[in-house]
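First comes the structure, then the notes that go with it.
The values are calculated or read from the model by the stated rules, or taken from the named source; none is laboratory data. What you see is a predicted model; the values in this text were computed from it and never measured. Virtual Cβ from ideal backbone geometry, glycine too; neighbours counted across all protein chains shown.
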Amino acid sequence: MSELRSAVEGLRTEDLGHLSDEALEEDLAECQRAAEVLEAERLRRLAEFDRRRPYLRDGYLSTSTWFARRFRVGFGAAAGDVRRARALEAMPHTREALATGQISSSAARMLVEARETNPQAFAEAEPLLVDAARRHVVRDLARVLAYWRSAASAGHEPGGDEQALRERRRLHVSPTVFGLVRIDGDLDPDTGETVLTTLRACVDAELRSPDPEDRRTPAQRRADALGEICRRWLDSGDRPEIRGERPHVTLTVDVRALRGETGRRSEFEHTGPIGAEAARRWACDAVVTRVLTMGRSEPLDLGRRTSVVPAPMRRAVVVRDGGCRFPGCDRPPSWCDAHHVVHWADGGSTALANLLLMCRRHHRLVHQGFRVEMTRDGPSFRRPDGTILEGRDDPRGPGVTMDADAARRCALAGAG
Ligand SMILES: [Zn+2]
Ligand SMILES: [Zn+2]
């Protein structure tokens, strides 16, 4: 083992700056091959350890829990490694191909997953499938394995494999560092199809009116879409109540943080502290419960829950604006928050003249550098550099101004 360590140490101290491009590529290829072979050996040792189970004497209940604790990796990652190590023990051709660098560990991982569909059928087909893994890039291999899977499950009693697939469903959602949340899982075909359809519909709805300044990647769009779908669900009125109220996103914030004082408490229930401007954005259009505290956290008095923007006022804003008011945006009211042009924490009123419908993305922008002010001709938007934002047609046309009373009458008529 010390030879391995000194070999790695040799690599570590090597100066890469003097290598030519070709030599660097060859060097990288060598490292890649070595890493794959090392991975195969790591899993072989893990399988042996899993057979002997020496951790039982310390009270660990499984190889995965021991592994996660011993090497400080997430339980999901540890369980995945153990599952792969066990499976490879029964996959001699895959193991051999991985150990000799003929297939990548990504391909081996896909073969392990394919085997879970039907281990007996896999044992028969393994030489053929490993050969496919040798010849194809990962994307084509995925297609080959998908065909094999459907063929392998065709010979079984109807519904049998469906149940097996369903048993593999899992979803892990956990906060990580800096308030990021990691999502990882496998969905059964029914749920997966539903999720894919919903995400695609949500992304497509946005793409119908593409924004030329929108630089988001497809993956970022999907992440935003998932958030939007979840928010809609939280906003819908027919959800079950839990412990006397409908669950909602909870933000605890010191009112002085909303006024821009730094170092004041402002945190989400699950992911922890958030920035002051993000807190101001959430507070623009929220249900607020006032909590008087003694010191930092001891509650003295709880106020009633009140909406920052009462329902009739919101309907009036919806009637007047019809959707997001950011230039060029036509997202409908259900995608929008009511933004306070002058924030209520700064003394701004919750009146029609101080409220604007903004979709979630544009609401974020006006709290992050873009500015908006109310003028006699309606809202005027400025870029972070101070220039006026114009030149993009308002898809609803110019005639969307309405005085407050007219809007209120419309809203009441609509609500009646
Ligand atoms: Zn706002
Ligand atoms: Zn918008």
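At-a-glance table
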quantity	calculated
Test: residue in segment 277-297 that is in contact with a helix residue (DSSP H, G or I) (Cβ under 9 Å, 6 or more places away or on another chain), free of Cβ contacts under 8 Å to residues at least 60 places away in the same chain, more than 11 Å from ligand 1 (Cβ to nearest atom) and within 18 Å of ASP224 (Cβ to Cβ)	no
Filtered residues of segment 255-292 (kept if part of a strand (DSSP E or B), surrounded by fewer than 17 Cβ atoms within 10 Å (Cβ to Cβ) and small (Gly, Ala, Ser))	GLY272
Residue that is surrounded by the most Cβ atoms within 10 Å (Cβ to Cβ) [pool: residues in segment 223-251 that are among the basic types (Lys, Arg) and part of a helix (DSSP H, G or I)]	ARG231
Total residues in segment 228-249, condition within 14 Å of the chain's Cα centre (by Cα) and free of Cβ contacts under 8 Å to residues at least 24 places away in the same chain	1
Residues of segment 177-212 satisfying the condition of being modelled with pLDDT of 85 or more and not in a helix (DSSP H, G or I)	LEU180, VAL181, ARG182, ILE183, ASP184, GLY185, ASP186, LEU187, ASP188
Segment 331-345: number of residues that are assigned to a helix (DSSP H, G or I) and small (Gly, Ala, Ser)	2
Number of the exception - GLN220 against (1) under 21 Å from PRO175 (Cβ atoms); (2) surrounded by 12 or more Cβ atoms within 10 Å (Cβ to Cβ); (3) at pLDDT 90 or above	(2)
Residue within segment 327-335 that is surrounded by 11 or more Cβ atoms within 10 Å (Cβ to Cβ) and more than 14 Å from ligand 2 (Cβ to nearest atom) present	no
Condition check for VAL372: within 15 Å of ligand 1 (Cβ to nearest atom) and either over 16 Å from VAL308 (Cα atoms) or buried (at least 21 other Cβ atoms within 10 Å of the Cβ) (or both)	yes
Which listed residue is assigned by TED's automatic domain parsing to the domain that holds LEU128, exposed (fewer than 13 other Cβ atoms within 10 Å of the Cβ), touching a helix residue (DSSP H, G or I) at 6+ places or on another chain (Cβ under 9 Å) and closer than 28 Å to HIS172 by Cα, from ARG51, ARG44, ARG72, ARG83	ARG51
Long-range neighbours under 6 Å by Cβ, at least six apart or interchain, first residue under 17 Å from VAL288 (Cα atoms) within segment 339-363, second more than 9 Å from ligand 1 (Cβ to nearest atom) and of a type in the set (Gly, Ala, Ser)	HIS340/GLY348
Criterion (part of a loop (DSSP other than H, G, I, E, B) and more than 16 Å from ligand 1 (Cβ to nearest atom)) met by exactly one of GLY303, GLY348, GLY328	GLY328
Residues within segment 298-313 that are free of Cβ contacts under 8 Å to residues at least 24 places away in the same chain and either in contact with a strand residue (DSSP E or B) (Cβ under 7 Å, 6 or more places away or on another chain) or surrounded by 11 or more Cβ atoms within 10 Å (Cβ to Cβ) (or both), tallied	8
Sole exception among (1) more than 20 Å from VAL366 (Cα to Cα); (2) free of Cβ contacts under 8 Å to residues at least 24 places away in the same chain; (3) basic (Lys, Arg) for ARG215, by number	(1)
Residues (within 15 Å of ligand 1 (Cβ to nearest atom), of a type outside the set (Val, Ile, Thr) and modelled with pLDDT of 90 or more) located in segment 331-342	CYS336, ASP337, ALA338, HIS339, HIS340
Single residue of segment 117-143 satisfying the filter (of a type in the set (Val, Ile, Thr) and closer than 22 Å to ARG83 by Cβ) that is surrounded by the most Cβ atoms within 10 Å (Cβ to Cβ)	VAL130
Which numbered condition HIS363 fails, given (1) in a helix (DSSP H, G or I); (2) more than 10 Å from ligand 2 (Cβ to nearest atom)	(2)
